[in-house]
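Peer 1: Got a structure for you, written out below as structure tokens; questions coming shortly.
The values are calculated or read from the model by the stated rules, or taken from the named source; none is laboratory data. Computed from a predicted structure; not experimentally measured. Counting neighbours? That spans all protein chains shown, and the Cβs are built from the backbone with ideal geometry, glycine included. Side chains are part of the model used for accessible areas, which takes the heavy atoms of the whole protein and leaves out ligands, DNA and RNA. Shrake-Rupley method; radii C 1.70, N 1.55, O 1.52, S 1.80 Å.
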Amino acid sequence: MKIKTLLLSCLIGASIVSHAVADVQTRQIRFGYGLNENSNQGRATKVFADEVSRLSDGKLRIRAFGGATLGSDIQMQQALLGGAQEMMVGSTATLVGIASEMAIWDTPFLFNSAEEADVILDGPVGQKVMDKLEEKGLIGLVYWENGFRNLTNSRRPVESLEDLDGIRLRVMQNNVFLDSFRNLGANAVPMAFSELFTALETKTVDGQENPFNTILSSKFYEVQEYLTVTNHVYSPWIVLVSKRFWDRLSATERDILLEAAKTARDFEREDTRKEAAMALAELQEKGMKVNELSLEEVERMRSRLVDVNQTIAQGVGQDLWDELQAALTELRSN
Ligand code: TF8
């Protein structure tokens, strides 16, 4: 009985696959990302590429370009809009110029844990925000984890908010980040990630903020002495497809890209969390001086940032904001 069922499901499986692959053309898909190959972004892109190849019998070929060789996040988004590039993964924060709703993920201290982020991002609110991209010419497939962001700088340990005074801090090209860090007293400078290492090295800026993973994989420890654990915001990445390209794909081709993006997402989140758990110790070994912001200072930081929430709610629409808050309340009551 069991063998029979197994055989039967193999047969059904085989027929689905052969039908499916017939619906798949040979295509090259340029997939760009900003971090280097030896980063969580790079490793997950490799998983995505392998999975797309496996599901399509090698017909769909992902050509991955890391290290911003196809341009910064914003430049790649433009290439996707124009149809000059097919896919990318990048920060949602840099997408705000195209879909203002994306700013909702920039809310300081929004999520208490990565697991909370998973539920919200993969749930109805995450989907709703992602769907806003379509009318702008982009298709969002899934969110990957960038992670909780922490502060580094080359000037001094940041123990209190006052220590941020006058620090030239690179932020993502996004008004929420700009306003947030200005409210905290830093001299915030918006800049593409692809220019950041050099800017830190030449002291054009004194500091930046990113998850431990990126501080490690981008070797910021070579040019930044102080790391302050703040976890001030959880930032997602999003996997994007050019709508012009998407519109030409068959249903099967679309399914393959979406399935592979989900597999890569699950891998990426696990990989990122494992790396993050080790990264802090490694950064200390590399010579970074690490301090944790005291609870009292975190509270001061939160209260200075409350005004930003108001601005975000206005920008994304009060309804969406309320929906997110309700989803979080429900999640936390379980
Ligand atoms: C940043 C982000 C970067 C992303 C990446 C290049 O600081 O955290 O990780 O933009 O896609 O810019």
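Peer 1: Along the Cα→Cβ direction, 7 angstrom out, place labels at Thr311 and Asn36. What is the inter-label distance in nm?
Peer 2: 3.4 nm
Peer 1: Another question about this same structure. Pop out the Kirkwood hydrodynamic radius of the chain from its pairwise C-alpha distances, inverse of mean 1/r, in Å to one decimal.
Peer 2: 20.9 Å
Peer 1: With the full set of protein chains in place, find how many percent of the accessible area of the chain is carbon and sulfur; take the probe as 1.4 Å.
Peer 2: That fraction is 51 percent.
Peer 1: Then there's this: Indicate the gyration tensor shape class of segment 96-155 (rounded, prolate or oblate), computed on the Cα atoms with a ≥ b ≥ c the square roots of the eigenvalues: a/c under 1.5 is rounded; otherwise a/b larger than b/c is prolate and the rest oblate.
Peer 2: The shape class here is oblate.
Peer 1: Please build a GNM for the chain, connecting alpha carbons under 10 Å apart, and tell me which residue among Asp163, Asp322, Asp106 fluctuates the most.
Peer 2: Comparing Asp163, Asp322, Asp106 in a Gaussian network model of the chain, the most mobile one is Asp322.
Peer 1: Sorting check: for 167-180, 269-282, which peptide has the highest mean count of neighbouring beta carbons within 10 Å, and how do the rest follow?
Peer 2: 167-180, 269-282
Peer 1: I'd like the antiparallel share, as a percent to the nearest 5, of DSSP beta bridges with both residues in segment 112-256.
Peer 2: 75 percent
Peer 1: I've got another one for you. What's the FRET efficiency of Ser294 with Asn187 using the Cβ-Cβ distance as r and R₀ = 22 Å, to the nearest 0.05?
Peer 2: The value I calculate is 0.40.
Peer 1: Another question, then. Please name whichever of Val24, Gly71, Val171 sits farthest to the positive end of the charge dipole of the chain, dipole taken about the Cα centre and charges placed at Cβ: Lys and Arg +1, Asp and Glu -1.
Peer 2: Val24
Peer 1: What's the extension gain from Ala281 to Arg61 if we count 0.36 nm per residue and subtract their Cα-Cα distance?
Peer 2: On the way: separation 220, 0.36 × 220 = 79.20 nm, distance 3.77 nm.
Value of the extension gain: 75.4 nm.
Peer 1: At what distance in angstrom do the alpha carbon centres of segment 86-134 and segment 141-194 lie from each other?
Peer 2: If you average the Cα positions of each part, the centres end up 19 Å apart.
Peer 1: Give the Rg (one decimal place) followed by the Dmax (whole number) of segment 264-334, computed from C-alpha coordinates and expressed in Å.
Peer 2: Cα-based Rg and Dmax for segment 264-334 come out at 17.7, 47 Å.
Peer 1: Report, ordered by chain and residue number, the lysines lying within cross-link reach of Lys203, taken as a straight Cα distance under 17 Å and ignoring same-chain residues fewer than 8 apart.
Peer 2: Lys219
Peer 1: How much mean residue ellipticity at 222 nm does the chain get from its helices, if each DSSP H run of length 4 or more adds -39500 (n - 2.57) and you divide by all residues, to the nearest 500 deg cm²/dmol?
Peer 2: -15500 deg cm²/dmol
Peer 1: Just to be sure I understand the model, the point goes 7 Å from the Cα along the line to the Cβ. What's the resulting Glu162 to Glu259 distance in nm?
Peer 2: 6.1 nm
Peer 1: Here is a follow-up. Which percent, nearest 5, of DSSP beta bridges in the chain are antiparallel?
Peer 2: 55 percent
Peer 1: Sticking with this structure for a sec: Work out how much length Gln78 to Glu115 would gain on full extension: take 0.36 nm times their residue separation and subtract the Cα-Cα distance, in nm to one decimal.
Peer 2: 10.2 nm
Peer 1: Looking at this model, which pairs from Lys128/Lys274; Lys132/Lys243; Lys46/Lys243 are more than 18 angstrom apart at the alpha-carbon?
Peer 2: Lys128/Lys274; Lys46/Lys243
Peer 1: Give me the extension gain from Glu270 to Glu330: residue separation times 0.36 nm, minus the current Cα-Cα distance, reported in nm with one decimal.
Peer 2: 19.1 nm
Peer 1: Turning to a different aspect of this structure: Specify which residue in the list Ser242, Gly287, Ala260 is farthest towards the positive end of the charge dipole of segment 242-289, using unit charges on the beta carbon of Lys, Arg (+1) and Asp, Glu (-1), about the Cα centre.
Peer 2: Ser242
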